[in-house]
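Here the structure comes first, spelled out in structure tokens, and everything after it is commentary.
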Amino acid sequence: MSAAASRAMPKALDPVVGYGNKLTRVEALTAKEFGLQSSLQETAAPQIDKGAKAPASESVALTTGGVAALLTGACCVAPLFLVSVGIGGAWLANLRALAPYRWVFIGVALVALAFAWKRIYRPAAECKPGELCALPQAKRGYKIGFGAVALLLLFMAAYPYFAPLFY
């Protein structure tokens with residue numbers, strides 16, 4: 001390709017998504033010198049660490065609540081589900097041994113969900129700018145997960161009471 005042809009071709013456009021402040025070091029120092037640093041920070045997109053992982057407290061609390069909710073119905077719902085998908089046998093009667101611990105699993109799930117609720121529904125002002133909790137997309141995912149685990153717990157805890165209506 002000739003030099004004239006390469007000059008005639010337009011440069012690629014910048015992506016629409018903002019990736020933060022794109023000033024060079026000299027421009028940034030100049031802006032800081034003239035007192036423009038605060039306005040630059042307001043207009044720049046939030047910088048999120050690419051290697052940032054979800055905060056452990058929300059994930060652990062939701063996982064603990066989900067596992068405890070599943071164990072809540074292990075005595076009653078699990079055998080019904082396993083038989084309905086074709087997995088059955090006399091060993092399913094052994095799951096009935098978990099029935100006395102049902103209230104313990106409900107308590108663990110409620111404590112885990114209470115902790116998750118406190119962490120997920122806290123004000124955004126408490127999140128630091130670099131954390132994932134400051135992003136609405138991450139908060140939305142945690143809220144959906146929280147709702148799913150809460151509904152699972154409600155279903156598993158109430159199943160023994162409404163199951164006789166279907167026999």
Quiz item: What is the distance, in nm, between label points placed 7 Å from the Cα along the Cα-to-Cβ direction at residue 140 and at residue 128?
Solution: 2.6 nm
Quiz item: How far apart, in nm, are the 7 Å Cα→Cβ label points at residue 104 and residue 163?
Solution: 1.9 nm
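Laboratory data are not the source of any read-out in this text; all were calculated from the coordinates shown. Here the structure is a predicted model, which means the values were calculated and not measured. Don't worry about glycine lacking a Cβ; one is built from the backbone with ideal geometry, like all the others, and counts go over all protein chains shown.
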